[in-house]
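Here the structure is laid out as structure tokens; the discussion comes afterwards.
The values are calculated or read from the model by the stated rules, or taken from the named source; none is laboratory data. It should be emphasised that the depicted structure is a prediction, and the values quoted were computed from it without experimental measurement. Cβ atoms come from the backbone with ideal geometry, glycine included; neighbour counts cover every protein chain shown.
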Amino acid sequence: MRDYRKFYIDGEWVMPKGVRELEVINPATEDVVGLISLGTADHVDLAVQAARRAFNGWSRTSREQRVELLERVCRLFESKLEDIARAITEEMGAPLDQLSRPLQAPAGLGQFLTATSVLRDYNFEECLGTTRVVRESAGVCGLITPWNWPINQVAAKVAPALAAGCTMVLKPSEIAPFSAYLLAKVLDEAGVPPGVFNLVNGDGSGVGAPLVAHPDVDLVSFTGSTHAGTLVSKAAAESVKRVALELGGKSANIILDDADLDAAVAHGVRTMMLNAGQNCNAPSRMLVPMSRLQEVERLAEKFCAEIVVGDPMDEATSLGPLASAMQFEKVQECIRQGMAEGAKLVCGGEGRPDGIKFGYFSRPTVFSEVKNHMSIAREEIFGPVLCIIPYSDEEEAISIANDSCYGLSGYVSSGDLDRAREVGKRLRTGGVHLNCAALDLTAPFGGYKQSGNGREWGKYGFEEFLEVKSMMGYETS
């Protein structure tokens, strides 16, 4: 069992005293696999003050010094990829051979490689007449991350913050804390100066809330639910902090009438079910031509039948458990709601898959004949549940896609790339995948509307951790 009860504060591993401990549960077995400590406001204060003391020195380091450090981090991270992948599978259930090892763990490394590349070439200064505009480190950052892509979402904040010269306090998810702990060990071994990076485990009320409200935190970067994001914004407003939010989604996947239906539905189903549907940018609403609805239903059922649900340590498994008992119950309730609302159940449904007696496994589920006003089409389910919504023409498809409080991602498939491009331009989302295009770690990631504000990844994510200063009269006329 993993003993991860220590916090990393001011360059030291510290065993907190007089705190509650939390058992970390393996969602595939329901066994206790680790212990962490639940921090308090006092631990947050110690970490923030360490970050504040370190800021002056770290923010004034040269580009070359930070690049050299990040390169060491990347080398060490790469050497620990297998350990990190196994930790992710253990803490949140992602299948090791088909997800944690090829995607989850490397995505975290990719964030550090990308931030290093951005830093090498970034132009921190420019002249506007006699004024010099300078971009400089934003300050002490409070970073709060979720459990669904644990190392990627930690790295998406820590890597650009380090590159930008910020100092930070990280609160990873208490549900999936293992991989963040291993990253802290990597950063320590790489020689990150004391106080630059700090880790305090805990829950939202004990650590998250005091971190957001702390007067010496300059910027908060939060990834999680839209409800939690609104609470973060309200708490941060008291001290007028900068806030970056990456929140929920209910992304539409528009399959146009000239698309390769077999390929588009296959991609839509597999992308939706990836990571047991626990992706904020999941294509959870599949919009299809009314005339081809039955064909799409047959294809969706066929591709769901190919999904192997089971032990995430088995190399054949493509879909593991949901990350927690709470998430399992939420998904089951959403499935019950869909059936009560009159959606057509194509496959799946309530309960665990046949033959599975324990673990937080949910059946890959497809609903059809879904109306966009139904709760299953409005709410982020965050599980392996796909809604198929028929449309009459292209204009209605675009209207349905945009009829959502969310705007994180969108998907368009067409036999004509120009047509896909034009439809994509009309979607009110932060990102659009044309014809099954993959994610790009150098492209900005974030959303419109209640999917958040600010951007992560690449140059745009790096700039979230910079302030802009105008120095008038700096140049002679």
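I need a count of the residues in segment 119-133 that are surrounded by fewer than 21 Cβ atoms within 10 Å (Cβ to Cβ) and assigned to a helix (DSSP H, G or I).
2
Identify, from the list V232, V265, V217, V269, the residue that is within 27 Å of T89 (Cα to Cα) and crowded, with 23+ Cβ neighbours inside 10 Å.
When all the criteria are applied, what remains is V269.
Select from segment 317-336 the residues that are without any contact (Cβ under 8 Å) to a residue 12 or more places away in the chain and either within 15 Å of G349 (Cβ to Cβ) or assigned to a loop (DSSP other than H, G, I, E, B) (or both) and list them in ascending order.
E333, the sole residue that qualifies.
Given the condition closer than 22 Å to T116 by Cβ, in contact with a Gly (Cβ under 6 Å, 6 or more places away or on another chain) and touching a residue at least 60 places away in the same chain (Cβ under 8 Å), answer yes or no: does some residue in segment 171-181 qualify?
Checked segment 171-181: no residue is closer than 22 Å to T116 by Cβ, in contact with a Gly (Cβ under 6 Å, 6 or more places away or on another chain) and touching a residue at least 60 places away in the same chain (Cβ under 8 Å).
Residue by residue through segment 359-416, note down the ones that are β-branched (V, I, T) and more than 12 Å from S284 (Cβ to Cβ).
Residues satisfying the conditions are I398, I400, V412.
Please work out which one of (1) surrounded by 24 or more Cβ atoms within 10 Å (Cβ to Cβ); (2) modelled with pLDDT under 95 is the condition H227 fails and give its number.
Here H227 clears every test but (1).
Just to check your reading of the model, which residue among T116, T89 is closer than 17 Å to S137 by Cα, crowded, with 20+ Cβ neighbours inside 10 Å and in contact with a helix residue (DSSP H, G or I) (Cβ under 8 Å, 6 or more places away or on another chain)?
Result of the check over T116, T89: T116.
Residue check: is A180 closer than 23 Å to L103 by Cα and either in contact with an Asp or Glu (Cβ under 6 Å, 6 or more places away or on another chain) or at pLDDT below 95 (or both)?
No, not satisfied.
Go through segment 435-452 and give me each residue that's surrounded by fewer than 17 Cβ atoms within 10 Å (Cβ to Cβ) and over 30 Å from D258 (Cα atoms).
Matches in segment 435-452: T442 only.
Could you give every pair whose Cβ atoms fall below 9 Å, whose first residue belongs to segment 269-280 and is under 15 Å from I151 (Cα atoms) and assigned by TED's automatic domain parsing to the domain that holds E379, and whose second residue is assigned to a helix (DSSP H, G or I) and polar (S, T, N, Q), counting only separations of at least 6 or pairs across chains?
N275/Q104; Q278/Q327; N279/T271
Return only the number of the condition from (1) over 22 Å from the mean Cα position of the chain (by Cα); (2) surrounded by fewer than 23 Cβ atoms within 10 Å (Cβ to Cβ) that I255 does not satisfy.
(2)
Considering segment 368-424 alone, what residues qualify as being among the β-branched types (V, I, T) and either surrounded by fewer than 16 Cβ atoms within 10 Å (Cβ to Cβ) or assigned to a loop (DSSP other than H, G, I, E, B) (or both)?
V370, I381
Give just the number: which of (1) touching an Asp or Glu at 6+ places or on another chain (Cβ under 8 Å); (2) β-branched (V, I, T); (3) free of Cβ contacts under 8 Å to residues at least 12 places away in the same chain does V240 not satisfy?
Here V240 meets the rest and fails (1).
Of all residues in segment 349-367, count the ones that are under 21 Å from I388 (Cα atoms), in a loop (DSSP other than H, G, I, E, B) and under 26 Å from the mean Cα position of the chain (by Cα).
The number of residues fulfilling the criteria is 3.
Applying the selection to segment 433-477, what residues are touching a strand residue (DSSP E or B) at 6+ places or on another chain (Cβ under 7 Å), outside any strand (DSSP E or B) and among the basic types (K, R)?
R455
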